[in-house]
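Have a look at the structure below before the remarks.
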Amino acid sequence: MNLIASSHFDSHLTSAREVATTLLSSRAPGFSLPQPFYNDAQTFSLDMKEIFEKEWLFAGMTCEIPAKGNFITVDIGDNPVIIVRGAENRIHAFHNVCRHRGSRLCLEEKGKVAKLVCGYHQWTYELDGRLLFAGSDMGEDFDLASYGLKPVSVETAGGFIFINLGDEPPVIDELLETLEHYLEPHQMNNVKVAAQSSIVEQANWKLVIENNRECYHCNGAHPELLNSLQEFDDSDDPRATPAYKALVARKQAEWDSENIPWQLQRFGKRNRLTRTPLQEGTVSMTMDGKQGCKKLMGRFTNPDMGSLRILNLPNSWSHILGDHAVVFRVLPLGPQKTVVTTKWLVHKDAVEGVDYDPEQLRKVWDATNAQDRHLAEQNQRGINSKAYQPGPYSKTFEFGVIDFVDWYSERMLHHLGASTR
């Protein structure tokens, strides 16, 4: 980008910051966001800069890089990142950018290497990011130590990998400790990816998250999912019926007897964990509600462990069951384009074709993801209309959406340097 183009872009971004600050500061609580937050290119650039480059993001699972040299890559907008397991079992994250002329180092989604080598001019890096080789043509005064890979903050807990591209990431130690505690029974260091899908939705990333944060639409859209999933969001759901409350009490007593954490935990509006029962008579999120994997996760002897639901804004939610887990990652591709990646995890010793059938394991969420894509895309088309104006959320059915939109507004205003209500 030349100086003139850069100046033009910066001026547009400055204008977008001012507009965003004004709109968010004056928005009506309990209503959806003004139109630019769902379809405008400059506002999308703000989302990437102020949210996705500064907040903790779910990137992948530690089981995907089980041994030294295993790596995965993920693109956060224009920022490619590599996550690699190095010596002493340590996990590192770096900008996937060679310090020579900026080429991407690792081009595949995953793999295993002895060293990180740029395919352009063969600059070679250790797994901890140190530059080892740059060729003799760089001159005698060239300092290898000055050109290591640029690090990305990374944290792991309960098998989850989180990254933060910001210069001063917020401390999340309490969340990490809670994840470790709640996922201990599932022993997520002993799982593997049994199946994976990525679908591109022609919708803004916030619409994808909003759709996930409520089950107001479930009865009319997700028959496969409701074979096993209770539509109530957690044990404190204001819609909960007496029958559901009785089921919750019974299951919580069972989980207590087996030392299985279930209590609802919130970390502001950004993170929540809770274990909730599935439909009576079902033990897993499969088409018939029966086990999807014969070999149970972790230390379980009983498959009826309900669903440990985990939310990590801005880009992830998960269902961790007794026999398998389903984790979701949302990454924006453009103002009206989002990729949703789903991974199904089973015990690492489970044998495909014997203990589980990947096609059967993924049927419920394949159907649900396709249905949600349709809903989000139709939502986007309506929002693009000149007739759109922010509409009211239901406090009873859409409290999760209200929390998300409030969290987004508060974090955006914070990063823009504006005060919040």
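The values are calculated or read from the model by the stated rules, or taken from the named source; none is laboratory data. All figures in this text were calculated on a predicted structure; none of them were measured in a lab. So basically every Cβ, Gly included, is an ideal-geometry build from the backbone, and we count neighbours across all protein chains shown. Heavy atoms of the whole protein, side chains included, go into the accessibility calculation; ligands, DNA and RNA do not. Shrake-Rupley method; radii C 1.70, N 1.55, O 1.52, S 1.80 Å.
Regarding region 91-99, can at least one residue be identified that is surrounded by fewer than 17 Cβ atoms within 10 Å (Cβ to Cβ), among the charged types (D, E, K, R), part of a loop (DSSP other than H, G, I, E, B) and touching a strand residue (DSSP E or B) at 6+ places or on another chain (Cβ under 7 Å)?
Within region 91-99 (the criterion being surrounded by fewer than 17 Cβ atoms within 10 Å (Cβ to Cβ), among the charged types (D, E, K, R), part of a loop (DSSP other than H, G, I, E, B) and touching a strand residue (DSSP E or B) at 6+ places or on another chain (Cβ under 7 Å)), the answer is no, since none of the residues qualifies.
When the residues of region 76-88 are narrowed to those that are open to solvent by 30 Å² or more (accessible area, probe 1.4 Å) and assigned to a loop (DSSP other than H, G, I, E, B), which ends up nearest to R104 (Cα to Cα)?
Once the filter is applied, the top-ranked residue is D78.
Given the condition of a type in the set (K, R), at pLDDT 95 or above, more than 22 Å from T282 (Cα to Cα) and in contact with a strand residue (DSSP E or B) (Cβ under 6 Å, 6 or more places away or on another chain), answer yes or no: does some residue in region 144-167 qualify?
yes
Please work out if G289 is in contact with a helix residue (DSSP H, G or I) (Cβ under 7 Å, 6 or more places away or on another chain) and at positive phi.
Values: in contact with a helix residue (DSSP H, G or I) (Cβ under 7 Å, 6 or more places away or on another chain): yes; at positive phi: yes.
Yes, satisfied.
Given the criteria of a type in the set (A, V, I, L, M) and surrounded by fewer than 16 Cβ atoms within 10 Å (Cβ to Cβ), does I163 qualify? Outline the logic, then answer.
Values: of a type in the set (A, V, I, L, M): yes; surrounded by fewer than 16 Cβ atoms within 10 Å (Cβ to Cβ): no.
Judged against the criteria, I163 is not a match.
Tell me the strands (runs of 3 or more DSSP E) entirely within region 121-210 that contain at least 1 residues that are within 23 Å of T274 (Cα to Cα) and polar (S, T, N, Q). Let's see the steps before the verdict.
Values: elements: 131-133, 153-157, 160-164, 191-201.
The qualifying strands (runs of 3 or more DSSP E) are 153-157.
Would you tally the residues in region 283-293 being open to solvent by 60 Å² or more (accessible area, probe 1.4 Å) and under 26 Å from the mean Cα position of the chain (by Cα)? Break it down into steps so the answer makes sense when it comes.
Pass one, region 283-293, residues open to solvent by 60 Å² or more (accessible area, probe 1.4 Å): 287-288, 290-291.
Right, trim to under 26 Å from the mean Cα position of the chain (by Cα) and you get 287, 291.
Selection size over region 283-293: 2.
In region 272-282, how many are polar (S, T, N, Q) and open to solvent by less than 10 Å² (accessible area, probe 1.4 Å)?
Total meeting the criteria: 2.
Give just the number: which of (1) surrounded by 14 or more Cβ atoms within 10 Å (Cβ to Cβ); (2) more than 29 Å from E55 (Cα to Cα) does Y120 not satisfy?
(1)
State which residue is nearest to F162 (Cα to Cα) when the search covers only region 123-145 and only residues that are touching a residue at least 12 places away in the same chain (Cβ under 8 Å) and open to solvent by 80 Å² or more (accessible area, probe 1.4 Å).
R130
Only one of T73, T62 is within 22 Å of S318 (Cα to Cα), crowded, with 18+ Cβ neighbours inside 10 Å and in contact with a Ser or Thr (Cβ under 6 Å, 6 or more places away or on another chain); which?
Values: T73 fails: in contact with a Ser or Thr (Cβ under 6 Å, 6 or more places away or on another chain).
The match here is T62.
In region 313-342, what residues are under 16 Å from L183 (Cα atoms) and open to solvent by 10 Å² or more (accessible area, probe 1.4 Å)?
The answer is W317, H319.
Please verify whether H222 is under 21 Å from L375 (Cβ atoms) and either open to solvent by 60 Å² or more (accessible area, probe 1.4 Å) or in contact with a helix residue (DSSP H, G or I) (Cβ under 9 Å, 6 or more places away or on another chain) (or both), treating the condition exactly as stated. Walk me through it before giving the result.
Numbers: under 21 Å from L375 (Cβ atoms): yes; either open to solvent by 60 Å² or more (accessible area, probe 1.4 Å) or in contact with a helix residue (DSSP H, G or I) (Cβ under 9 Å, 6 or more places away or on another chain) (or both): yes.
Against the criterion (under 21 Å from L375 (Cβ atoms) and either open to solvent by 60 Å² or more (accessible area, probe 1.4 Å) or in contact with a helix residue (DSSP H, G or I) (Cβ under 9 Å, 6 or more places away or on another chain) (or both)), H222 qualifies.
So which of K49, K54 ends up being part of a loop (DSSP other than H, G, I, E, B) and either open to solvent by 60 Å² or more (accessible area, probe 1.4 Å) or without any contact (Cβ under 8 Å) to a residue 24 or more places away in the chain (or both)? Write out each step before concluding.
Values: K49 fails: part of a loop (DSSP other than H, G, I, E, B).
The match here is K54.
Of E254, E280, E231, which residue is out of contact with any Gly (no Cβ under 8 Å at 6 or more places or on another chain), assigned to a loop (DSSP other than H, G, I, E, B), more than 30 Å from G30 (Cβ to Cβ) and not β-branched (V, I, T)? Spell out the reasoning first.
Values: E254 fails: assigned to a loop (DSSP other than H, G, I, E, B); E231 fails: more than 30 Å from G30 (Cβ to Cβ).
Being out of contact with any Gly (no Cβ under 8 Å at 6 or more places or on another chain), assigned to a loop (DSSP other than H, G, I, E, B), more than 30 Å from G30 (Cβ to Cβ) and not β-branched (V, I, T) holds for just one of E254, E280, E231, which is E280.
Residue by residue through region 234-251, note down the ones that are open to solvent by 10 Å² or more (accessible area, probe 1.4 Å) and part of a loop (DSSP other than H, G, I, E, B).
Scanning region 234-251 gives S235, D236, P238, R239, A240, T241.
Sort out which residues of region 354-379 are open to solvent by less than 70 Å² (accessible area, probe 1.4 Å), over 11 Å from A194 (Cβ atoms) and either among the aromatic types (F, W, Y) or out of contact with any helix residue (DSSP H, G or I) (no Cβ under 8 Å at 6 or more places or on another chain) (or both), and write them in order of number.
Matches in region 354-379: W365, D366, N369, A370, E377.
Out of all the residues in region 257-275, which are touching a Leu at 6+ places or on another chain (Cβ under 6 Å) and assigned to a loop (DSSP other than H, G, I, E, B)?
Selection gives R270 alone.
Looking only at region 189-199, which residues are over 15 Å from the mean Cα position of the chain (by Cα) and more than 17 Å from N70 (Cα to Cα)?
Residues satisfying the conditions are A194, A195.
Please name all residue pairs, on different chains or six or more residues apart, with Cβ atoms under 6 Å, provided the first residue is in region 171-197 and is over 19 Å from D355 (Cα atoms) and among the polar types (S, T, N, Q) and the second residue is open to solvent by 80 Å² or more (accessible area, probe 1.4 Å) and assigned to a helix (DSSP H, G or I).
Filtered contacts from region 171-197: no entries.
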